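Beneath this line is the structure, given in structure tokens, with notes to follow.
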Amino acid sequence: MTEASLRVFANAEELARAAADLTLANAREAIVARGSFHLALAGGSTPRATYAELARRGPDASFDRWHAWFGDERCVPPDDADSNHRLAAASGLLARLSPTQVHRLRGEAPERQREAERYERELVTELGLPPRLDLVLLGLGADGHTASLFPGTPALEAGGWVTVGRSSTPPHDRLTLTLSTLSEARHVLFLVAGKDKAPALARVLGAGDAGDSPAYRVRPRSGTLLWFAERSAISGPGRP
């Protein structure tokens, strides 16, 4: 099982710069080895700063070789305030890519399961079996969830590569990559900021009972697992 490695940063700005540096390094490695770079994006405010940083690094990136995927999506239209696609687009990162390089989860699709199956086919068509993403960016919820894999929900045990998730908070309906897909990634990077995440982060990193924490179950089979945390995320109750 892959062991997690933790790096701590003084503030969110340092975290975003380091995450952008690592993403660009992974991109260069993937492009040299396989001719393209497949990145899965996370939702939430912490990754947004990383996307904006990447968008500013145009001269440092071969964006014409990138493919952007989504780790999960809320079941809302792409222009909705809750849309992960909207968040990524607002950062400026998606504007660096052509439409064919952006693989959108269609949150507005009326039949959730059918959309999950469509996205799964797209993943397999691009990446083969198993679909190995080069880098997956993930966040951490205060309840230990990641992507749209929530504690105690059926999505945690779903087979295949993409499934329908369910959140206890609105918007409730989600689409998400499965634990199997996350485990096939070459590199996984969690981005965590805020003191409200400290107890969940401590549990996931082994300072307490991880219980049914979905984030704890993300373990790449033959890849790296990194946690980049802003200092306040490890300075609260339950510090690891």
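A short reminder: the numbers here are calculations on the coordinates, not readings from a lab. Every value quoted in this text rests on a predicted model; they were computed, and no experiment measured them. Glycine also receives a Cβ, built like all others from the backbone with ideal geometry; neighbour counts cover every protein chain displayed.
The simple spin-label model puts a point 7 Å past each Cα toward its Cβ; for Glu117 and Arg217 those points are separated by 2.3 nm. Taking amide H as placed 1.01 Å from N in the peptide plane, Gly165 has its amide H under 5 Å from the amide H of Arg174, Leu175, Thr176, each at least 5 places away in sequence or on another chain. In the chain, the ratio of gyration radius to Kirkwood radius, Rg to Rh, stands at 0.93 when only Cα atoms are counted. Residue separation of Arg28 and Glu108 scaled by 0.36 nm, minus their Cα-Cα distance, works out to 25.4 nm of gained length.
Could you tell me the calculated FRET efficiency between Lys195 and Glu13, based on Cβ-Cβ distance and R0 = 30 angstrom, to the nearest 0.05? Efficiency, from the Cβ-Cβ distance: 0.95. Report, in order of residue number, the helices in the chain meeting two criteria: a C-alpha extent of 24 Å or more along the helix axis, and a mean Kyte-Doolittle hydropathy of at least -0.5; treat each whole DSSP H run as one helix. Answer set is 12-34.
Exposure proxy ranking for Leu140, Leu127, based on other Cβ atoms within 10 angstrom of each Cβ and starting from the fewest, stands as Leu127, Leu140. With distances taken between every two different alpha-carbon atoms, the range 105-227 has a Kirkwood hydrodynamic radius of 14.9 Å.
Comparing Glu126, Glu14, Glu108 in a Gaussian network model of the chain, where Cα atoms under 10 Å apart are tied by springs, the biggest mean-square fluctuation is seen for Glu126. To the nearest 20 debye, what is the magnitude of the charge dipole of the chain about its Cα centre, counting +1 on the Cβ of each Lys and Arg and -1 on the Cβ of each Asp and Glu? For this selection, approximately 380 debye. In percent, rounded to a whole number, the relative contact order of the range 4-234 is 24, using alpha-carbon pairs under 8 Å and six or more apart. Summing charges over neighbours of Gly223, with a neighbour being any other residue whose Cβ is under 11 Å away from its Cβ, gives +2 when K and R count +1 and D and E count -1. Taking amide H as placed 1.01 Å from N in the peptide plane, Leu6 has its amide H under 5 Å from the amide H of Trp227, each at least 5 places away in sequence or on another chain. As a rough footprinting exposure proxy, the listed residues Val164, Val136, Val192 were ranked by other beta carbons within 10 Å of their own, and the order from fewest upward is Val164, Val192, Val136.
Just to verify a number: FRET efficiency for His172 and Ala81, C-beta to C-beta distance, R0 = 22 Å, to 0.05? About 0.90, to the nearest 0.05.
Database remark: amide H of Thr224 closer than 5 angstrom to the amide H of His187, Val188 (H placed geometrically; neighbours at sequence offset of 5 or more, or on other chains; Pro and chain starts carry no H).
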